[in-house]
Amino acid sequence: MSSFKCCCMNMNTSVYSLSPLSVSLPPSTSSSSSVRFAPLPRSSTRINSSLGGTMAEPKATSTAEPLLLNAVRGVDVERPPVWLMRQAGRYMKAVFLGFLVSYQIICEKYPSFRERSENVDLVVEISLQPWKVFKPDGVILFSDILTPLSGMNIPFDIVKGKGPVIFDPLHTAVDVDQVREFSPEESVPYVGEALKILRKEVDREAALLGFVGAPFTLASYVVEGGSSKHFSKIKRLAFSQPNILHALLQKFTTSMAKYIQYQADCGAQAVQIFDSWATELSPVDFEEFSLPYLKQIVDIVKQTHPNLPLILYASGSGGLLERLPLTGVDVVSLDWTVDMAEGRRRLGPNIAVQGNIDPGVLFGSKDFITNRIKDTVRKAGKVKHILNLGHGIVVGTPEENVAHFFEVAKGLRY
Ligand code: CP3
């Protein structure tokens, strides 16, 4: 097993001081005032944290590749790159350098999720919030896996307190016929514009991450009509009229492959495919309704973008683990129900691994968080590991614990 240590590098240039992270908002930054961007220093190399200690920044030069891309490719890195799923979101109410970087305040001003995720300025601003505060090694586009749906003729909304709502759930062959193939340039130009801006803002200091929903997971939303507990409607379709479901899955496959290519052309340097609900399928059904479509997406994308890392996430994937590399993805993102060392062994040495700390750990003490990070990094070994949670940050997670997570992770050295 590899050994590693915490390290504090003192380099030069600008220094961030993180303002206390759980402060009440000053009057000038009340919900009625506009939210400003904090300027983004490009070559900062040290963060002084109000939480004590200094965290080292990755060495970034104008020609260096982001740490995350090097790690995925198996290049020697000094520590694992780190970012967190749902790092932008409702847990964020921080004030940073006197600038408000609060998702919650943006939500008050723009209550519609669709507006927040379809307006270029808001998408850029929200995507950059965690980047300004925590300097993760990956900056993920603020969007949703459902964002392409309206461009595919499937009207939807994301309703506060309820989640995704599909207005006319699809059940019949005629319904599926009416689904349009996705044309990202026409339907979601704001995604491309936002990615281009984000790539300039983040420069080479972090990897810009795009994402899409996997065909089965998207199909589960549009057949169930929203989130589901038992997935009975999509299973009824799968197990009684599989051809209809296959036709729908094929449309999502071609569309999401095109969407990944579009995101890469606009600046995404790695793309994560979320098959969150594939694990509702038994392995034999995963092999029919998910795996071939994921593989097809990877094959199509690799033809045009052979060097674009593709990350696959499926929550609760322990029972499917050996099947996931068969898709051809470069990285498998593990959830926390799999021990990292066992996950590594089961996935084999050629594939990179992401994860896999329980998001609930961020509710623990600082020492507990530190120990769990070290345990995970030790078990993952020195190569091809991206440190992350096993699923998204949970609403209500203390921000100072998220700050602590990044501080410890970025101070590690193999
Ligand atoms: O990781 C990031 O910071 C990027 C943003 C992101 C969002 N959704 C924003 C969002 C990402 C990567 C997603 C992916 C997504 N969306 C998935 C796959 C990941 C997973 O969680 O398994 C799924 C299944 C969805 C569908 C979806 N969107 C649901 C179930 C919900 C409701 C969640 C809830 O708790 O209300 C959404 C809405 C959504 N998408 C939110 C965010 C931050 C919360 C609503 C809000 O902010 O108003």
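Per residue of the range 172-183, what does 6.51 cos²θ - 1.76 cosθ + 1.60 with θ = phi - 60° give for ³J(HN,Hα)? Whole Hz please, x for Gly and Pro, Karplus curve as stated.
Once θ is set to phi - 60°, the couplings for the range 172-183 become 10, 4, 5, 4, 5, 4, 7, 6, 8, 4, 7, 10 Hz.
Under a point-charge model restricted to the Cβ atoms of Lys and Arg (+1) and Asp and Glu (-1), what is the dipole moment magnitude of the range 284-414 relative to its Cα centre, in debye to the nearest 20?
640
Can you check how the C-alpha radius of gyration of the range 168-251 compares to 2.2 N^0.38 Å, as a plain ratio?
Working: Rg = 16.9 Å, N = 84, 2.2 N^0.38 = 11.8 Å.
The value comes to 1.42.
Identify, among Leu326, Asn401, Gly411, the residue whose Cα sits farthest towards the positive end of the charge dipole of the range 278-414, taking +1 on the Cβ of Lys and Arg and -1 on the Cβ of Asp and Glu, with the dipole about the Cα centre.
Gly411
Between Lys160 and Glu78, what is the spin-label point distance in nm, taking each point 7 Å from the Cα along the Cα→C-beta axis?
4.4
Cα to Cα, under 21 Å, and not fewer than 8 places away if on the same chain: which lysines meet these conditions relative to Lys233?
Within reach: Lys162, Lys251.
Among Asp137, Asp358, Asp168, rank each residue by its count of other Cβ atoms within 10 Å, from fewest to most, as a rough exposure measure.
By the 10 Å Cβ count, ascending: Asp168, Asp358, Asp137.
What order do you get for Tyr110, Tyr221 when you list them from fewest to most C-beta neighbours inside 10 Å?
Numbers: Tyr110 16, Tyr221 25.
Listed from fewest to most nearby Cβ atoms, that is Tyr110, Tyr221.
Quick query: amide H of Ile140 versus all other amide H atoms, modeled in the peptide plane; which residues come in under 5 Å with a sequence gap of 5 or more or a different chain?
So Ile140 has HN proximity to Leu209.
Lys379: which lysines have alpha carbons under 29 Å from its alpha carbon, excluding same-chain residues fewer than 8 sequence positions away?
Within the straight-line limit of under 29 Å, Lys379 reaches these lysines: Lys5, Lys59, Lys135, Lys295, Lys366, Lys410.
Taking amide H positions as placed 1.01 Å from N in the peptide plane, with prolines and chain starts having none, which residues 5 or more places from Leu389, or on another chain, fall under 5 Å of its amide H?
Here Met85, Ile357 satisfy the definition.
As an exercise, identify the trypsin sites (Lys or Arg not before Pro) in the range 210-245 lying in DSSP coil whose Cβ has no more than 13 other Cβ atoms within 10 Å. Intermediate values should be presented prior to the final figure.
Working: sites: Lys229, Lys233, Lys235, Arg236; in loops: Lys229.
Answer by residue number: Lys229.
Under 5 Å between amide H atoms, partner at least 5 residues away or on a different chain: which partners does Gln272 have, H built in plane at 1.01 Å?
Gly210, Phe211, Val212, Ile311
Values in this text are rule-based calculations from the coordinates and carry no lab data. If you're wondering where the values come from, they're calculated on a predicted model, not measured in any experiment. Note that we place each Cβ from the backbone using ideal geometry, even for glycine, and neighbour counts take in every protein chain shown.
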